[in-house]
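A.B. asks: Structure in structure tokens, see below.
None of the figures in this text is laboratory data; all of them are computed from the coordinates on show. As the structure is a prediction and not an experimental result, all values here were calculated from the model. As a convention, Cβ positions derive from the backbone with ideal geometry for all residues, glycine included, and neighbour counts pool all protein chains shown.
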Amino acid sequence: MGTSNSFGGAGGTKPLIPSWIDAGSDAPAGSPPNPASPAASAGSEGDASTDGASSPSPAAAPAAQNVVAGVSASRFTAPRTNFSRFASSNGSDRRALGRAVSGYVGGSMGGASTAARRMGAARSSGGRLAGFLSNAQANGLTEALRSIDLQALAGRPIQEVFLGLVDYVCPDGGSLDEAIARDAFIETIADLAAAGIADLDALNAAQVQTVLELYATHAIEARICNDIGAKLVQMPSDPAAALRVQEQLTDFIRRGVSDAITRIGVTPTSLTSDQTRRFMTEVYQAAFEALQSLGDGEG
């Protein structure tokens, strides 16, 4: 929850995603790459972004308007109220947490698909991270670093290697969306030791999946906190209680992400570089679906 107090949070009248983004821009993992698919681009305050955006085509814009049609200016009110209730309980009110997350996905976002599309920079960054880790697992760390002109990092401790990858994985474009993606990556680095990942030269497929799971967890957590955990939410004044709230939220989100990756059943290392971003898009959509289901169960 490191980004939860870093940004101003979303306004109720802001479109969920830029109106010009084509709803079908991402194919499922394993689909042949479609060079004509537009990549999501940074919206105001980063509502959705990906790298390499092209100008919207006139034909795509009218259909995409349906994504935000009928969105209420108060779409965040109920999830914020429940999230604040959860935080005020020092993390003990699991029903409030479930209602907050379920209401966020189903009500505020209008469903898992839109929620996933709103993770624009995190999808792109996750794709680059997946591609790099897959390369390192298949060809060794030195070759993977050489392929992105960062061979000087070879032989350095894993935390230094990952810190050196920040600008490659998460280019800093200045939008909220990009800041969330970058912060999530920094928090992932801090989790590496606890996850038992210490040697990129000995990386296996399970560890690649763990890193991507951690990254997606932190990115979703940051997105939720900035939408419904900022501005109006009252956090406990006791640091230990605030930490319990953070740990409860992180664990809840990671359960959803882990369930999503398991359900997808695709090993990231089996994908080509062109397929990794589509894989991450599918992960985020499946994760939001799982979180809504988990939230309904708790609520």
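A.B. asks: Please order E213, E247, E298 by the number of other Cβ within 10 Å, starting at the fewest.
C.D. replies: Values: E213 20, E247 12, E298 17.
Fewest to most other Cβ atoms nearby, the residues stand as E247, E298, E213.
A.B. asks: Excluding A198 itself, what net charge comes from residues whose Cβ is under 15 Å from its Cβ, given Lys and Arg +1 and Asp and Glu -1? The partial results should precede the final answer.
C.D. replies: Numbers: positive: R156; negative: E160, D191, D199, D201.
That works out to -3.
A.B. asks: I'd like to know which of G229, V166, G196 lies farthest towards the positive end of the charge dipole of segment 141-290, counting +1 on Cβ of Lys and Arg and -1 on Cβ of Asp and Glu.
C.D. replies: G229
A.B. asks: From the Cα trace of segment 83-298, what convex hull volume per residue do you get, rounded to a whole Å³? Don't skip to the end; give the middle numbers.
C.D. replies: Working: hull volume 25.0 nm³, N = 216.
Normalising the Cα hull of segment 83-298 by residue number yields 116 Å³.
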